[in-house]
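Shown next, in structure tokens, is the structure this report addresses.
The values are calculated or read from the model by the stated rules, or taken from the named source; none is laboratory data. Just so it is clear, the model here is predicted, and its values are computed rather than measured. Positions of Cβ are backbone-derived with ideal geometry, glycine not excepted, and every protein chain shown enters the neighbour counts. Quick note on the areas: whole protein, heavy atoms, side chains included, nothing else; ligands and nucleic acids left out. Shrake-Rupley method; radii C 1.70, N 1.55, O 1.52, S 1.80 Å.
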Amino acid sequence: MVTTSIEKGVDWVRVRGDFPILGAVDAQGRRLAFLDSAASSQKPARVIEAVERYYRETNANIHRGVYDLSERATAQYEAARHMAADFVNARSAREIVFVRNTTEGINLVAQTWGRRNVGAGDLIVVTTMDHHSNLVPWQMLAEEKGARLAAVRVTDDGKLDLDHLKELLAQGPRLVVFPHVSNSLGTINPAKEIVRLAHEAGAVTVVDGAQSVPHMPVDVQALDADFVAFSGHKMLGPMGSGVLYGKLELLEGMPPFMGGGGMIRKVSIEGSTWADVPARFEAGTPAVGDAIGLGAAVEYLQGIGMTNVREHERALTGYALERLREVPELTVYGPEDAEERAGVISFTLGDIHAHDVAAILNEENVAVRAGHHCCQPLMERLGVVATTRASLYVYNDEEDVDRLVVGLRRAQAIFAA
Ligand code: PMP
């Protein structure tokens, strides 16, 4: 056993028990081995109850209602903002903009800071391992502005080629964007170093934190990134909750993203002026209940401790990599060392199509994802059309990994027949 059920004071069996959906068994009495948290995580009872409680006891539109319910809803919504700020160690809750997800956070930066600050001929540096969410918005901006786009190469062992990054930085890019953790390879990129190098080259940085913030301690001040986007639904929170962190001085210099209620100071037929940050970026009625649910998810994760979360996943990833080595003709992509990767394991199994592998695993009540994982340029770099991906979180254990291995052997047996 690589992990024990009680590790550094965390009872991981109890943690698993906090997730109602994982308590179910299938017709054959098998529990669900949920290995798709990189796409979206499951939710603990505490988060589900926080959302339910909000709708049962507090539901009202926020900020302008002069009655108790509205004031309570506003207070809970703003408390969730403070919890999110605390979670990533932002200097101020004003640096936290509630959005729907990582995608919206990145588009917000592209359409506001980007449209104002990127011009014809400017260079935007992306990476070959970026999720389409951190690539397509920049392509759209580059097309609109006549800017150039260049992608940092990925090495054979699934890391960013930092020499190539330095070559691109020598061209003085306006912007450097990258994933903190790759959702396909699991690679943990040296985010602090990349941000430092980018800043030295005079660039602004956007970190896609979708796969890092839920899984390890992330301190935006230590990272010094200008913007970090992440999704609540990947960190035990509700779908529809997400966060864009931005340095206050940058946010304050940005025009609004969408126009409407809640984001203005004064409106006349002739024109409007904008509210302060972060209200300026939260036009219309926000997803109040979801934000409150995200606050509950933050509290839950802090209860476990993010260092413990990371340690649990590191140990389980190490165990999984070891067990997967036993499966013949299985190719795992990304760094070999569990220290250098988060709990995301992409692989191919001989020439069996990734979707067939996932379908057979599903028959074993093992849930994984198959496809290009919204990383088509990376798939091209790896020379594959698709991979099967198993991803881990707080509720996974060795049994889930063992079930994966059994399922893979069964897939091989079926295709060998
Ligand atoms: N970036 C990365 C690295 C991701 O893994 C994901 C989700 N697969 C996203 C961005 C997009 O997240 P969302 O769909 O929540 O906007």
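Under Stokes-Einstein, with the Kirkwood radius over Cα pairs as Rh, the value for the chain at 10 °C and 1.306 mPa s is 71 µm²/s.
On the accessible surface of the stretch 125-166, probed at 1.4 Å, how many percent belong to carbon and sulfur atoms? Ligands and nucleic acids excluded, carbon and sulfur reach 49 percent. Counted residue by residue at 0.36 nm each, then reduced by the alpha carbon distance between them, the extension gain from Asp68 to His353 reaches 96.9 nm. When the chain is treated as a GNM with alpha-carbon contacts under 10 Å, the residue of Ala287, Ala85, Ala222 showing the greatest mean-square fluctuation is Ala222.
If Lys and Arg each add +1 and Asp and Glu each add -1, what is the summed charge of the other residues whose beta carbon sits under 9 Å from the beta carbon of Phe178?
With Lys, Arg at +1 and Asp, Glu at -1, the net is -2.
Among the chymotrypsin sites (Phe, Trp or Tyr not before Pro) in the stretch 267-312, none sits in a DSSP loop with a Cβ that has at most 13 other Cβ atoms within 10 Å. Of the Cα atoms belonging to the stretch 1-138, the radius of gyration and Dmax stand at 20.9, 61 Å.
Relative contact order for the chain using alpha-carbon pairs under 8 Å, separation at least 6, rounded to a whole percent?
22 percent
Measuring nothing but alpha carbons in the stretch 180-305 and taking Rh as the Kirkwood radius, the Rg to Rh ratio lands at 1.02. In order along the stretch 257-270, the Karplus-derived 3J(HN,Hα) couplings, from 6.51 cos²θ - 1.76 cosθ + 1.60 at θ = phi - 60°, round to 8, 10, x, x, x, x, 10, 10, 9, 8, 10, 10, 4, 6 Hz, and Gly and Pro are given as x.
The residues Ile124, Ile352, sorted by heavy-atom accessible surface at 1.4 Å with ligands and nucleic acids left out, run Ile352, Ile124 from largest to smallest. Using the Cβ-Cβ distance between Glu399 and Met140 with R0 set to 30 Å, the FRET efficiency works out to roughly 0.10.
Entry for the stretch 128-173 at q = 0.16, 0.19, 0.25, 0.32 Å⁻¹: log10 I(q)/I(0) = -0.50, -0.68, -0.98, -1.10, Debye formula applied to identical alpha-carbon scatterers, no solvent contribution. Taking a sphere under 14 Å around the Cβ of Ala413 and counting the other residues whose Cβ falls inside, with K and R at +1 and D and E at -1, yields a net charge of -2.
Which values, in whole Å and largest first, are the semi-axes of the equivalent ellipsoid of the stretch 350-397 obtained as the square root of 5 times each eigenvalue of the Cα gyration tensor?
Each semi-axis is the square root of five times an eigenvalue, giving 21, 15, 7 Å.
Size estimate for the stretch 5-55 follows the Kirkwood approach: the inverse of mean 1/r over distinct Cα pairs works out to 12.7 Å. The portion of the accessible surface of the stretch 3-84 made up by carbon and sulfur, rounded to a whole percent, is 55 (1.4 Å probe; DNA, RNA and ligands excluded). Largest GNM mean-square fluctuation across Ser92, Ser391, Ser40, computed for the chain with C-alpha springs under 10 Å, falls on Ser92.
With no solvent and one point per C-alpha, what does the Debye sum give as log10 I(q)/I(0) for the stretch 142-196 at q = 0.17, 0.25, 0.27 Å⁻¹? So the normalised log intensities are -0.59, -1.10, -1.20. The three principal axes of the Cα atoms in the stretch 91-188 give end-to-end lengths of 38, 31, 26 Å, sorted in falling order.
Computed over protein heavy atoms with a 1.4 Å probe, the accessible surface of the chain works out to 41 Å² per residue.
For the chain, modelled as a GNM whose springs connect Cα atoms under 10 angstrom apart, the maximal fluctuation among Leu162, Leu316, Leu108 occurs at Leu162.
Of the peptides 134-146, 179-191, the order by per-residue mean of other Cβ atoms within 10 Å, starting with the highest, comes out as 179-191, 134-146. Taking the longest Cα principal axis of the chain as reference, the axis of helix 68-87 is set at about 60 degrees. In percent, rounded to a whole number, the relative contact order of the stretch 339-417 is 39, using alpha-carbon pairs under 8 Å and six or more apart.
For the chain, the longest principal axis of the Cα atoms and the long axis of helix 354-363 meet at an angle of about 70 degrees.
Taking the longest Cα principal axis of the chain as reference, the axis of helix 288-304 is set at about 50 degrees. What the Cβ-Cβ distance of Glu326 and Gln28 gives, at R0 = 22 Å and to the nearest 0.05, is a FRET efficiency of 0.35.
According to the Kirkwood relation over distinct C-alpha pairs, the hydrodynamic radius of the stretch 293-417 is 15.4 Å. Taking Lys and Arg as +1 and Asp and Glu as -1, the other residues whose beta-carbon sits under 13 Å from that of Thr128 total -1. Solvent-accessible area of the stretch 341-417 (1.4 angstrom probe, protein heavy atoms only): carbon and sulfur portion equals 53 percent. Would you please give the FRET efficiency between Tyr55 and Ala170, computed as 1/(1 + (r/R0)^6) with r the Cβ-Cβ distance and R0 = 51 Å, to the nearest 0.05? So the FRET efficiency works out to roughly 0.40.
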